[in-house]
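The values are calculated or read from the model by the stated rules, or taken from the named source; none is laboratory data. Values in this document were obtained by computation on a predicted structure and should not be read as measured data. Please note: Cβ atoms are built from the backbone with ideal geometry, for glycine as well, and neighbour counts cover all protein chains shown.
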Amino acid sequence: MAESVRFNARVVSTHGKHSFVEKNDGTVLEATRKGKKGDVVVGDIAQCLQTSPTQVSVEKIEPRKSLLYRSDDLRTKPLAANIDQVAVVFATRPSYNPHFIWKALLAAETADIPTVIIRNKCDYIQDEAAVRPFIDQLKELGAEVVEVSATKDPEKTREILEPIFRDKITLLIGQSGMGKSTILNLLIPGAAQRTQEYSVALDLGKQTTTAARWFNFEGGALVDSPGFQEFGLSHLTLNDIMRGMPEIRDRVEHCRFTNCRHLQEPGCAVKKAVEDGEIDPERYAFYKELAEEAIARESGRY
């Protein structure tokens, strides 16, 4: 190459030190990040140096306007950067985990990213009585909830979801088997083929199912993430958790002590709300578990 060419491009897929970036004209190039690993995230705007007709080197990541994480005790894993909203997909077949959805909402809230909950497979009307209280609770917590059946009624699903996703960058997350891929392929028919192209290019085979991917859509984009069963929140502090749960946040100022942790302290407005039936006991148990883990981490005991 006669001279080095530098430009900004969007990261559309990542695999360790290897990524794919897309230029403004739609050209997709393989990218490497020299000397670093794990700091390139789907959705990033990367400053690139062209090293061959089909490859670039990532020199710098532009400042992000948003970033969503999940984490465990060993590591923090960024899911996507520069997103406008998170769409959490769940269904009653297979069984969903309410704590997964609550944790996803909490992670998005503490990252200041709006959310929408998508109940898929709503044609399973025999599950209606069991799932309706959970959906009502999500709405009471301030979540936007829509209900679709991507397989049984694809046209209605497209009609509901297109306005929600149009002109926005949306990260799709969910447990395995909830129909997230079905929704993606319904809205973007070429998504499966594009995923296969990434796999062949890097010769990664089935390992590529662990990576998030960017797909342009209606003036915005859908970022697909792999299905996973646990949504860890080890990166959150106790204050993050209190701020991210609306029923806790709304009562903090009414506690006797300004540094109340809402666990064993006297005069706690949160505990009184639980006793009075204003806060769901299961939600409080969820808070208590996360709070105790955060306190242990912050004190070095975890």
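THR54 meets all of the listed conditions (1) without any contact (Cβ under 8 Å) to a residue 60 or more places away in the chain; (2) in contact with a helix residue (DSSP H, G or I) (Cβ under 6 Å, 6 or more places away or on another chain) but one, namely (2). Region 176-244 holds helices (runs of 4 or more DSSP H) entirely within its bounds, and those carrying 2 or more residues that are at pLDDT below 90 map to 191-202.
Exactly one residue out of ARG301, ARG297 is under 22 Å from LEU236 (Cα atoms), part of a loop (DSSP other than H, G, I, E, B) and modelled with pLDDT under 95, and it is ARG301.
Condition check ((1) among the hydroxyl-bearing types (Ser, Thr, Tyr); (2) more than 25 Å from SER176 (Cα to Cα); (3) touching a helix residue (DSSP H, G or I) at 6+ places or on another chain (Cβ under 6 Å); (4) in contact (Cβ under 8 Å) with a residue 60 or more places away in the chain) across all residues:
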{"position": "VAL5", "(1), (2), (3), (4)": "no, yes, no, no"}
{"position": "ASP25", "(1), (2), (3), (4)": "no, yes, no, no"}
{"position": "VAL42", "(1), (2), (3), (4)": "no, no, no, yes"}
{"position": "GLU59", "(1), (2), (3), (4)": "no, yes, no, no"}
{"position": "TYR69", "(1), (2), (3), (4)": "yes, no, no, yes"}
{"position": "ASP72", "(1), (2), (3), (4)": "no, no, no, yes"}
{"position": "PRO78", "(1), (2), (3), (4)": "no, no, no, no"}
{"position": "LYS103", "(1), (2), (3), (4)": "no, no, no, yes"}
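Every test in (1) exposed (fewer than 14 other Cβ atoms within 10 Å of the Cβ); (2) in contact with a Ser or Thr (Cβ under 9 Å, 6 or more places away or on another chain); (3) under 19 Å from ILE83 (Cα atoms) is passed by SER4 save one, and that test is (3).
Taking region 149-166 as the range and being touching an Asp or Glu at 6+ places or on another chain (Cβ under 7 Å) and closer than 19 Å to ALA80 by Cα as the test, the residues that pass are PHE165, ARG166. Between ALA129, ALA91, ALA108, the distinction of being free of Cβ contacts under 8 Å to residues at least 60 places away in the same chain and more than 16 Å from the chain's Cα centre (by Cα) belongs to ALA129 only. Restricting attention to region 122-132, does a residue exist that is in the same structural domain as ASN216 (by TED's automatic domain parsing), assigned to a helix (DSSP H, G or I) and either acidic (Asp, Glu) or on the phi > 0 side of the Ramachandran plot (or both)? Yes, region 122-132 has at least one match.
Restricting attention to region 149-174, the residues that are assigned to a loop (DSSP other than H, G, I, E, B) and either of a type in the set (Lys, Arg) or touching a strand residue (DSSP E or B) at 6+ places or on another chain (Cβ under 7 Å) (or both) total 4. Scanning region 255-265 for residues that are β-branched (Val, Ile, Thr) and modelled with pLDDT under 95 turns up at least one hit. If you check ARG64, ARG75, ARG70 for being crowded, with 20+ Cβ neighbours inside 10 Å and basic (Lys, Arg), only one passes: ARG70. Among the residues making up region 96-120, those that are assigned to a helix (DSSP H, G or I) and of a type in the set (D, E, K, R) are LYS103, GLU109. One residue stands out among those in region 83-113 that are farther than 19 Å from GLU128 by Cα and of a type in the set (S, T, N, Q): the one that is surrounded by the most Cβ atoms within 10 Å (Cβ to Cβ), which is THR110.
Within region 50-59, is even one residue part of a strand (DSSP E or B), of a type in the set (Gly, Ala, Ser) and surrounded by fewer than 18 Cβ atoms within 10 Å (Cβ to Cβ)? Show your work before the answer.
Initially, region 50-59 is screened for residues part of a strand (DSSP E or B), giving 50-52, 55-59.
Still in the running and of a type in the set (Gly, Ala, Ser): 52, 57.
Still in the list and also surrounded by fewer than 18 Cβ atoms within 10 Å (Cβ to Cβ): 52, 57.
Yes, region 50-59 contains a residue that is part of a strand (DSSP E or B), of a type in the set (Gly, Ala, Ser) and surrounded by fewer than 18 Cβ atoms within 10 Å (Cβ to Cβ).
Would you be able to say whether some residue in region 264-272 is among the charged types (D, E, K, R), touching a residue at least 12 places away in the same chain (Cβ under 8 Å) and part of a loop (DSSP other than H, G, I, E, B)? The answer is no, given that none of the residues of region 264-272 is among the charged types (D, E, K, R), touching a residue at least 12 places away in the same chain (Cβ under 8 Å) and part of a loop (DSSP other than H, G, I, E, B).
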